[in-house]
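One structure is given here, and the rest of the page talks about it.
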Amino acid sequence: MIGPTVTRPWFWAFAAAAVTFAATVALTGSQGGVELLMATLTFASFSVLVGLGQMAVITMGPGNVDLSIPAVMTLAGTLSLKLMNGAAGMEIWGLLAALAIGVAAGAGNYALIFLLRIPPIIATLSASFVFQSLAIWSNRGLRIKPPDSLAGFSTGASLGLPNLAWIALVAAMAFWLLIERSAYGRRLSAIGQNLRAARLAGIPVEGVRAGTYVLSAAMAALAGFLLSCFSGGAALNMGAEYLLMSIAVVVIGGSSIAGGNSNVPGIWGAAMFMFLIVSMLNSYGLGAGVRLVLTGVIIIGIVTAASGRRLPG
């Protein structure tokens with residue numbers, strides 16, 4: 001008999017991450033295990049932050065996806081660093097500026113969706129070009145360094161864990177409470193399960209949708225702010241890999257791509273797995289083409305196992 005834990009979608013994401021971690025350590029040697037774990041927690045944190053926001057959007061049902069995440073990350077990171085200009089005492093203002101940019105970007109995304117009746121996938125993609133253009137215009141080829149305090153914090157650790165991992169853990173717990181224990185979470189799931197029924201039940205659908213797109217952009221902005229501090233500056237392509245990553249961790253983590261069902265714990269397991277699978281395949285010295293094929297096959301296997309579907313025989 002299969003235990004209840006194994007049947008939960010998030011189990012497979014964590015199981016895959018554990019197996020991949022063990023396979024990588026076996027090749028590189030046990031002495032590198034601690035370093036690999038710290039690196040995994042650090043880099044997975046960025047995927048967790050953007051994945052949580054994307055998960056909320058996807059939970060609203062088919063057609064809802066935020067493709068502006070990379071551009072929001074870049075714009076928030078660029079403008080916040082420009083505001084701080086490496087000066088001490090400006091840290092909190094830089095963070096607030098990044099979050100304000102995220103809120104404005106999310107409101108802009110929803111305005112296109114609601115006022116112009118543009119499908120979300122087109123609206124957020126179109127908005128991303130505007131956000132990216134603003135980042136390019138404001139950057140002008142300059143690479144401004146973050147204040148030393150933020151650079152040290154983003155690369156440092158506390159109580160044995162990377163500081164970025166602590167932030168992502170707190171964010172994940174906040175999202176779990178928001179989605180599982182609040183009226184907003186119940187409304188979000190109801191909209192994803194049946195939009196028409198949610199409207200008939202008196203749920204403020206458009207208010208929930210607006211808040212969700214703002215929340216997703218704010219999480220992207222936070223991730224962009226932290227990534228630029230961690231990297232020592234904002235680059236115009238720094239958010240590029242997080243477009244597909246934000247969607248992949250949602251799917252692998254066990255959330256329903258059809259909406260109506262989210263899975264916060266799975267985001268962490270999927271984020272760690274995505275970093276570890278690349279590390280493992282790189283450790284084995286495989287070519288880029290082989291790595292991509294194997295990564296795709298492994299992801300398909302995990303999603304199939306998590307959904308409980310059997311391949312046709």
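Summary of computed values
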item: Helices (runs of 4 or more DSSP H) wholly inside region 62-147 containing at least 2 residues that are over 19 Å from the mean Cα position of the chain (by Cα) and closer than 22 Å to A210 by Cβ; result: 91-115, 120-139
item: Residue selected from region 222-252 under the condition among the hydrophobic types (A, V, I, L, M, F, W, C) and not in a helix (DSSP H, G or I), by the criterion surrounded by the fewest Cβ atoms within 10 Å (Cβ to Cβ); result: A240
item: Candidates L125, L99 - the one that is of a type outside the set (V, I, T), closer than 28 Å to M60 by Cα and without any contact (Cβ under 8 Å) to a residue 60 or more places away in the chain; result: L125
item: Some residue of region 242-258 being among the hydroxyl-bearing types (S, T, Y), closer than 28 Å to P62 by Cα and modelled with pLDDT under 90; result: yes
item: Given (1) over 27 Å from L83 (Cβ atoms); (2) surrounded by 14 or more Cβ atoms within 10 Å (Cβ to Cβ); (3) at pLDDT 95 or above, index of the condition M173 fails; result: (2)
item: Selected residue (only one of I136, I122, I118 is under 21 Å from I69 (Cα atoms) and either touching a helix residue (DSSP H, G or I) at 6+ places or on another chain (Cβ under 7 Å) or charged (D, E, K, R) (or both)); result: I118
item: Contacts under 7 angstrom Cβ, first residue in region 227-246 being of a type in the set (F, W, Y), partner surrounded by fewer than 22 Cβ atoms within 10 Å (Cβ to Cβ), 6 or more apart; result: F230/T155
item: Residue that is over 26 Å from P204 (Cα atoms), touching a helix residue (DSSP H, G or I) at 6+ places or on another chain (Cβ under 7 Å), at pLDDT 95 or above and surrounded by 24 or more Cβ atoms within 10 Å (Cβ to Cβ), where the choices are L164, L95; result: L164
item: Hits in region 195-209 - residues which are surrounded by 11 or more Cβ atoms within 10 Å (Cβ to Cβ), without any contact (Cβ under 8 Å) to a residue 24 or more places away in the chain and either part of a helix (DSSP H, G or I) or not hydrophobic (A, V, I, L, M, F, W, C) (or both); result: A197, A198, R199, P204, V205, G207
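Listed here are the residues, each with its yes/no results for (1) in contact with a Phe, Trp or Tyr (Cβ under 8 Å, 6 or more places away or on another chain); (2) hydroxyl-bearing (S, T, Y); (3) farther than 19 Å from L236 by Cβ; (4) modelled with pLDDT under 95.
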| position | (1), (2), (3), (4) |
| --- | --- |
| G61 | no, no, yes, yes |
| N64 | no, no, yes, yes |
| L83 | yes, no, no, yes |
| I101 | no, no, no, no |
| Y110 | yes, yes, yes, no |
| Q132 | no, no, no, yes |
| S138 | no, yes, no, yes |
| R143 | no, no, no, yes |
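The values are calculated or read from the model by the stated rules, or taken from the named source; none is laboratory data. Keep in mind that this is a model prediction, so the values were computed, not measured. Every residue, glycine as well, gets a Cβ built from its backbone with ideal geometry; the counts of neighbours run over all protein chains shown.
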